Amino acid sequence: MTLFTTEHLAFFAGLMGNIISFLVFLAPVPTFYTIYKKKSSDGFQSLPYIVAFFSASLLLYYAFLKKNAYMLISINAIGCVIELVYLTIFLIFASREARMFTVKLILASNVGALGLIILITVVFVKTNAMRVTIVGWTCAIINLAVFAAPLSIMKQVITTRSVEFMPFSLSFFLTLCATAWFFYGLFVKDLYVAVPNVMGFILGIVQMTLYMIYKNAKPDSIKMKSFEKDEEKAIDQKQAHPAANVELRIIAPN
C-alpha cells in the first residue's frame, strides 16, 4: 500500500502553487500603497498588471474547460480579482492620457483577445477536447513569452555587473512557483501547465546563479552611467508621452 497516491501529490503541488502564486500576486502591494499615498500613478506602468489580468483570465477559462481543475480555478480567480483591484487603483490616480491608454489595453486584451478566443472555441470548435487543446496551447505560448520577459534584465546584469534591478527574493519565489506548477502539471498529466514551467524553473535558476555571481561584483561604472543616461532619456520621453512608454515586468504566476 503506497503512502501517497498521484492524486495526493497533485493536491500538494497544487496547494503549494496556490500559496506561492498568491504571495507573488501580492508583491506589488507596496507599489500601489505608494500610488495611494501620492494620489498619483505618474511614473508607474499599468502594462504588467494588464498582462497578468489577461493571463489569469485565460487560464481561468482553460481551467473551466479542463474540468475538475480546481487548483487552477482557485488561484486564477483570486488573481483576476487582485489584478482588477490594482488596475482600479491605477485608473483612479492616473492622468487622463494614461487612463485612456490603460482602458484601451484592457479592452483590447480582456475583451477583444479573450472574447475572440472564447467565441472561436465555443462557436467553431465542436468538441471540448479540441477546445482544451487550442486554449491549452494558447496559454502555454503566452506563459513561455511571460517567462522569457526577464531575459532583458539578465542581459543588463551581465552587462553592468550589477544586480540592482534583479532582486534575489523575487527570483527565488518565482522559481518555487514554477517548480510547484510543473509538478502539479506532471502529476495531473497536463502538459500545457507543466511545459512552460520548465522554462520558468530554468530561467529562475539562471537568475539566482547570476545574482550569486554578481552580488559582490564591482559594477561597470561606464556602462552603469550609460544605462542611467538611457533611463533618464526614457523618463524624459515618458514625461512627454506618459502613456506611450511602457515597461514590462511580468509578475503573473504559471
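Being within 29 Å of Arg131 (Cβ to Cβ) and out of contact with any Phe, Trp or Tyr (no Cβ under 6 Å at 6 or more places or on another chain) is a property that Ile50 has. Quick check: is even one residue across segment 32-50 among the β-branched types (Val, Ile, Thr), within 22 Å of Leu116 (Cα to Cα) and part of a helix (DSSP H, G or I)? Within segment 32-50, one or more residues are among the β-branched types (Val, Ile, Thr), within 22 Å of Leu116 (Cα to Cα) and part of a helix (DSSP H, G or I).
Just a yes or no: is a residue in segment 2-17 within 18 Å of the chain's Cα centre (by Cα) and open to solvent by 40 Å² or more (accessible area, probe 1.4 Å)? Scanning segment 2-17, I find at least one residue that is within 18 Å of the chain's Cα centre (by Cα) and open to solvent by 40 Å² or more (accessible area, probe 1.4 Å), so the answer is yes.
Looking across segment 134-162, the residues that are polar (S, T, N, Q) and open to solvent by less than 50 Å² (accessible area, probe 1.4 Å) come down to Thr138, Asn143, Gln156, Thr160, Ser162.
Exactly one residue out of Ile75, Ile82, Ile20 is surrounded by fewer than 21 Cβ atoms within 10 Å (Cβ to Cβ) and either modelled with pLDDT of 95 or more or within 30 Å of Glu7 (Cβ to Cβ) (or both): that is Ile82. Each residue in segment 113-129 was checked for being in a helix (DSSP H, G or I) and exposed (fewer than 12 other Cβ atoms within 10 Å of the Cβ), and 6 pass. Looking at Ala140, is it outside any loop (DSSP other than H, G, I, E, B), out of contact with any Pro (no Cβ under 9 Å at 6 or more places or on another chain) and farther than 14 Å from Tyr49 by Cα? No, not satisfied. Applying the set (1) over 20 Å from the mean Cα position of the chain (by Cα); (2) surrounded by fewer than 19 Cβ atoms within 10 Å (Cβ to Cβ); (3) not basic (Lys, Arg) to Ile35 leaves exactly one unmet item: (2). The set of residues from segment 163-200 being assigned to a helix (DSSP H, G or I), farther than 17 Å from Phe22 by Cβ and open to solvent by 20 Å² or more (accessible area, probe 1.4 Å) comprises Phe168, Phe182, Phe183, Leu186, Phe187, Leu191, Tyr192, Val195, Val198, Met199. Exactly one residue out of Ile141, Ile73, Ile117, Ile134 is in contact (Cβ under 8 Å) with a residue 24 or more places away in the chain and of a type in the set (Val, Ile, Thr): that is Ile117.
The values are calculated or read from the model by the stated rules, or taken from the named source; none is laboratory data. Computed from a prediction, not measured in an experiment: that's the story for all the values here. Because the Cβ atoms are built from the backbone with ideal geometry, glycine has one as well, and the counts that use them run over all protein chains shown. Side chains included, ligands, DNA and RNA excluded: accessible areas come from the protein's heavy atoms. Shrake-Rupley method; radii C 1.70, N 1.55, O 1.52, S 1.80 Å.
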